[in-house]
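Novice: Structure in structure tokens, see below.
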Amino acid sequence: MKTIENFQIRPAHVEDVPVILQLIRDLATYERAPNDVTATEEQLVDVLFGERPAAEVLLAFEGRAPVGFAVFFYNFSTWLARPGLYLEDLFVKPEKRGKGYGRALLIELAEIARNRGCGRMEWAVLDWNEPAIKFYRALGAKAMHEWTVFRLTREGIASLADSGRVGQPASAKGSSAARLASLARRKK
């Protein structure tokens, strides 16, 4: 790939949180959901740079101006017995597209995945986002048509957790550690 002048990619730092939040909002606007972003700077500081970071962020800059980002975390393949890199968000500002910035971000992610022993990279794309679909296919990525993505919202998680288990409400079960200890005692 040719060198892109005045362009750099680097890992995000805690002081970049305002930039990250703005890019999240820009992405939501592009994806036709500008009012769906509820993340705050405080939440992002905690989940990205706290005691147990849930994800990592790469920022892309043209000069000193942020032009895009990639948010990723690790999943796991039981079949491969290896971690996978899951790309949660990839975004380049629309006016900066076509310069190779998105490709550069994905190359950086592929290098991270390879260096960290990942067996695969995965991500989702909205079915109407034809430019992104064409872009990913041009990079050699394959759509996984045999899979359907499911989601539980926070409310759905709470509802399921509160629904209990067969024959016993969740509140009667206690903690997972207590249940495991109880099972271990029964086996003796």
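Novice: Could you give me the residue pairs with C-beta distances under 8 Å whose first residue belongs to segment 116-138 and is exposed (fewer than 12 other Cβ atoms within 10 Å of the Cβ), whose second residue is assigned to a strand (DSSP E or B) and of a type outside the set (Ser, Thr, Tyr) wherever it lies, and which are 6+ apart or on separate chains?
Specialist: Once the first residue is exposed (fewer than 12 other Cβ atoms within 10 Å of the Cβ) and sits in segment 116-138, its partners that are assigned to a strand (DSSP E or B) and of a type outside the set (Ser, Thr, Tyr) give Arg116/Pro83; Arg116/Leu85; Gly117/Arg82; Gly117/Pro83.
For (1) within 24 Å of Phe7 (Cα to Cα); (2) touching a Leu at 6+ places or on another chain (Cβ under 8 Å); (3) surrounded by 11 or more Cβ atoms within 10 Å (Cβ to Cβ), each residue gets a yes or a no:
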{"position": "Val47", "(1), (2), (3)": "no, no, yes"}
{"position": "Gly50", "(1), (2), (3)": "no, no, yes"}
{"position": "Leu58", "(1), (2), (3)": "yes, yes, yes"}
{"position": "Leu80", "(1), (2), (3)": "no, no, yes"}
{"position": "Gly84", "(1), (2), (3)": "no, no, yes"}
{"position": "Val92", "(1), (2), (3)": "yes, yes, yes"}
{"position": "Ile112", "(1), (2), (3)": "yes, yes, yes"}
{"position": "Ala141", "(1), (2), (3)": "no, no, yes"}
{"position": "Glu146", "(1), (2), (3)": "no, no, no"}
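Novice: Gly117 - would you say it is over 24 Å from Phe91 (Cβ atoms), at pLDDT 90 or above and part of a helix (DSSP H, G or I)?
Specialist: Numbers: over 24 Å from Phe91 (Cβ atoms): yes; at pLDDT 90 or above: yes; part of a helix (DSSP H, G or I): no.
No; evaluated as a whole, the condition is false for this residue.
Novice: Report, by residue number, each residue of segment 148-158 that is surrounded by fewer than 10 Cβ atoms within 10 Å (Cβ to Cβ) and of a type outside the set (A, V, I, L, M, F, W, C).
Specialist: Thr148, Arg151, Thr153, Arg154, Glu155 - these are the residues of segment 148-158 that are surrounded by fewer than 10 Cβ atoms within 10 Å (Cβ to Cβ) and of a type outside the set (A, V, I, L, M, F, W, C).
Novice: Okay, moving on. Within segment 11-45, work out how many residues are closer than 22 Å to Ile107 by Cα and either modelled with pLDDT under 95 or surrounded by fewer than 14 Cβ atoms within 10 Å (Cβ to Cβ) (or both).
Specialist: Selection size over segment 11-45: 2.
Novice: Please indicate, with yes or no, whether at least one residue in segment 84-96 is among the basic types (Lys, Arg), outside any loop (DSSP other than H, G, I, E, B), modelled with pLDDT of 95 or more and out of contact with any Phe, Trp or Tyr (no Cβ under 6 Å at 6 or more places or on another chain). Quick ask: steps written out before the conclusion?
Specialist: Of the residues in segment 84-96, the ones among the basic types (Lys, Arg) are 93, 96.
From what is left, the residues that are outside any loop (DSSP other than H, G, I, E, B) are 96.
Filter again for modelled with pLDDT of 95 or more, leaving 96.
Now drop any that are not out of contact with any Phe, Trp or Tyr (no Cβ under 6 Å at 6 or more places or on another chain), which leaves 96.
There is at least one residue in segment 84-96 that is among the basic types (Lys, Arg), outside any loop (DSSP other than H, G, I, E, B), modelled with pLDDT of 95 or more and out of contact with any Phe, Trp or Tyr (no Cβ under 6 Å at 6 or more places or on another chain).
Novice: Mind checking which pairs have a first residue in segment 62-79 that is over 22 Å from Phe49 (Cα atoms) and a second that is among the aromatic types (Phe, Trp, Tyr) and surrounded by fewer than 20 Cβ atoms within 10 Å (Cβ to Cβ), Cβ under 7 Å, 6 or more apart or different chains?
Specialist: These pairs meet every condition: Glu62/Phe7.
Novice: Does Leu139 meet the test of being within 19 Å of Glu88 (Cβ to Cβ) and at pLDDT below 95? Outline the logic, then answer.
Specialist: Numbers: within 19 Å of Glu88 (Cβ to Cβ): yes; at pLDDT below 95: yes.
It is true that Leu139 is within 19 Å of Glu88 (Cβ to Cβ) and at pLDDT below 95.
Novice: Something else now. Scan segment 44-61 residue by residue and report those that are touching a residue at least 24 places away in the same chain (Cβ under 8 Å) and of a type outside the set (D, E, K, R).
Specialist: Answer for segment 44-61, where residues must be touching a residue at least 24 places away in the same chain (Cβ under 8 Å) and of a type outside the set (D, E, K, R): Leu44, Val45, Leu48, Phe49, Ala55, Val57, Leu58, Leu59, Ala60, Phe61.
The values are calculated or read from the model by the stated rules, or taken from the named source; none is laboratory data. On a predicted model such as this, the values are computed, not experimentally measured, just so you know. Note that each Cβ is placed from the backbone with ideal geometry, even for glycine, and that neighbours are counted across all protein chains shown.
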